[in-house]
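Below is one structure, written out as structure tokens, with a few remarks after it.
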Amino acid sequence: MFEARILQGSILKKVLESIKDLVTDANFECTANGFALQAMDSSHVSLVALMLRSTGFDHYRCDRDVTMGMNLLNMSKMLKCADNDDTITMKADDAGDVVTFMFENPKADKISDFQMKLMDIDTEHLGIPDTEYEATVKMSSNEFQRICRDLSSIGDTVTIAVTKDSVKFTTSGDIGEANITCRRTSDGDMKEEKVKTEEDGEKVHNTKSSEGQNVDIDLQEPVTLTFALRYLNSFCKATSLCENVRLQLSKELPVVVQYLIEDMGYVRFYLAPKIEE
Amino acid sequence: AKKQSSLAGFFEKR
């Protein structure tokens, strides 16, 4: 028996919206640890890894490990029938071939259940090695989305160059080229700044707001890599899950684009770089 | 020109 209840159903809805265009069919692995997925897109260029830890659910029961193969477009169709403030419960029998999604509104006076047929999916599971990345960039997820969107109107690929002080995004296409540089926010800017006002005396003004870039860079080695914008734009569908996005880069390795899901886990996207022929 | 690499070369199949 597998049973998982999430109070904030909108999280599950958002997760599905962020991955359903990248991956068609995927196996969800339900274990005592949580509800996880690892799947590649059909061209084997990108991979999504999702983890929703059991401790993040309001109720979680998994008597034995269950693999549930689902068509993500169909799953998304079902989850769209849940309101954002609904509680969502997923249920499956150990040997069953359906998963049940149950939606409950906050007043608990409307309860819906949707059954979806499961499928047998033959997939390769890839071992992702633990890697020390040469560069880690943390920035506003909205800004990252904006940059990827803006650059994709000029070119098809983006070159990301990380130095200790900045991260630079470059593209070029038939109509011209574009460079966007985000400077690392200095430590002083990230901290609370005290502002004196005549009326209130001392007032604390927090500058770490959604305005500005709030770019944090952890660098071992400067790194420059090129990626297809089409995939990055797809990853950015996860933007509403987290205020910040974390990019991890190393020479000639796939980039990791991570969105944390508060109190629950993460959705991570891996994208293979464009390399010299 | 740069070509798109595949993930298969980076991660081990299990």
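Throughout, read-outs are computed from the coordinates displayed, never taken from laboratory work. Computed from a predicted structure; not experimentally measured.
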> So what's the angle, to the nearest 10 degrees on a 0 to 90 scale, between helix A:141-152 and the longest Cα principal axis of chain A?
Replying inline: 80
> Check A:Asp156: other-chain or 5+ apart residues with amide H under 5 Å from its amide H, H built from backbone geometry?
Replying inline: A:Ser172
>> Between A:Ala32 and A:Met1, what is 0.36 nm times their sequence separation minus the Cα-Cα distance? Round to one decimal in nm.
In response: 10.0 nm
> Taking a 28 Å limit on the Cα-Cα distance, which of the listed pairs A:Lys20/A:Lys138; A:Lys77/A:Lys274; A:Lys251/B:Lys13 fall beyond it?
Replying inline: A:Lys77/A:Lys274
> Per Stokes-Einstein, at 25 °C and 0.890 mPa s, what whole-number D in µm² s⁻¹ belongs to segment A:18-90, with the Kirkwood radius over Cα pairs as the hydrodynamic radius?
Replying inline: 183
> Binned at 10 Å from 0, what are the whole-percent values of the Cα-Cα distance distribution for chain A, short to long?
Replying inline: 6, 26, 30, 21, 13, 3, 0
> Seen from all sides and averaged, what is the projected area of the convex hull of the Cα atoms in segment A:1-147, in nm²?
Replying inline: 10.5
